[in-house]
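Structure first, then comments.
The values are calculated or read from the model by the stated rules, or taken from the named source; none is laboratory data. Since the model is a prediction, treat every value here as computed from it, not as a measurement. Because the Cβ atoms are built from the backbone with ideal geometry, glycine has one as well, and the counts that use them run over all protein chains shown.
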Amino acid sequence: MKSKKNNWLSRAVALLLPLLLLASAAFAQAPAATEPEMADALRANGKIYVVVLVLVIIVTGLLVYLIRLDGKVSRLEREVNS
Amino acid sequence: MKWWKYLTIVLLLYTVVMGFLGHVPRLAILNETERNLYFHVPMWFGMTIILLASVVNSIRYLRNPSTRLDTLAHESAKTGILLGVLGLLTGSLWARYTWGTWWTTDVKLNGAAVTMLIYAAYLVLRGSVSDEQQRARLSAIYNIFAFSAAIPLLFIMPRLAEASLHPGMGGNPGFSKYDLDSGMRLVFYPAVIGWTLLGVWITEVACRFAFVKEKIYEKQEKQLA
């Protein structure tokens, strides 16, 4: 009788223990889950570089435009002053 | 090309690359939008610095009038207004996705909007006077008023306010909580310098163009005479 009861108890513990461990593991992860969401996937799959390249192209294009405009004004200055 | 123009190119490309690849702290609500710090905030820094240059040239004009100083003040003011408008637009967009509204009656937002209206009136004033000397003198005097109104509106009143959504209320500098992050500072300061220099560059080209135009008109007048 006694051994049977023990058996039942140990079975219950054996069944509950993994659940308890899982619960504590989940609890430990809880702060990580509430961390502010960032674009981690965008970084992980490397698509962020697409955004960076697009912006580099746009900024370069605008700067080239400004440099050429600057050059044209310089040429005008030389013409007028000569 | 002058050395600071190369610096502008380097700093702007650095801002765009590191602005997206650099490390930023994980903040709630802001999330990745805090990277706007490298683009929205430098607009206002650049605007303030260029408007300061504008008012300095206006004061110089009043002490010693010349078309050159008037042009410098006018072109600087125009670039400053452009940067301010870009600041308002980007701020409004940012507010929509972090505060949930395009506009709110926040002391910093309203101060910025009133500043832009005051400077819009500077352009209106210039456009409504046809006599060149009168226009230059009137707008120089108005520019002093505009700048002296802009500084309290942008930098003093928001700090005195008890409640504001915008960073910078209650006596704190606008970005103190990001300032603590050394990683962001490494991008933010170069971004401010880079965007400001871009504004200076645009102003420089616009001024030189105006000077050349002036010179051509002078030559034409001489030929006619």
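Every residue, every condition in (1) of a type in the set (A, V, I, L, M, F, W, C); (2) surrounded by 14 or more Cβ atoms within 10 Å (Cβ to Cβ); (3) more than 30 Å from residue B:15 (Cα to Cα); (4) at pLDDT 95 or above, yes or no:
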site: B:94; (1), (2), (3), (4): yes, yes, no, no
site: B:122; (1), (2), (3), (4): no, yes, yes, yes
site: B:150; (1), (2), (3), (4): yes, yes, no, yes
site: B:153; (1), (2), (3), (4): yes, yes, no, no
site: B:160; (1), (2), (3), (4): yes, no, yes, no
site: B:163; (1), (2), (3), (4): yes, no, yes, no
site: B:181; (1), (2), (3), (4): no, yes, no, no
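State all residues of the range B:94-138 that are small (Gly, Ala, Ser) and part of a helix (DSSP H, G or I); if no residue qualifies, say none.
The answer is B:95, B:111, B:112, B:113, B:120, B:121, B:127, B:128, B:136.
Taking the criterion of being surrounded by fewer than 21 Cβ atoms within 10 Å (Cβ to Cβ), away from chain A (no Cβ under 11 Å), touching a residue at least 12 places away in the same chain (Cβ under 8 Å) and of a type in the set (A, V, I, L, M), would at least one residue in the range B:15-32 satisfy it?
no
Which of the residues spanning the range B:50-71 are more than 20 Å from residue B:138 (Cβ to Cβ) and surrounded by 20 or more Cβ atoms within 10 Å (Cβ to Cβ)?
B:50
Please specify each residue of the range B:77-92 satisfying the condition of being surrounded by fewer than 22 Cβ atoms within 10 Å (Cβ to Cβ) and touching a Ser or Thr at 6+ places or on another chain (Cβ under 6 Å).
Passing the criteria: none in range.
Across the range B:183-217, which residue is modelled with the lowest pLDDT among those that are among the hydroxyl-bearing types (Ser, Thr, Tyr) and under 17 Å from the mean Cα position of the chain (by Cα)?
B:189
Kindly list the number of the only condition in (1) within 21 Å of the chain's Cα centre (by Cα); (2) within 11 Å of chain A (Cβ to nearest Cβ); (3) farther than 29 Å from residue A:39 by Cα; (4) at pLDDT below 90 that fails for residue B:1.
Result: residue B:1 fails condition (1) only.
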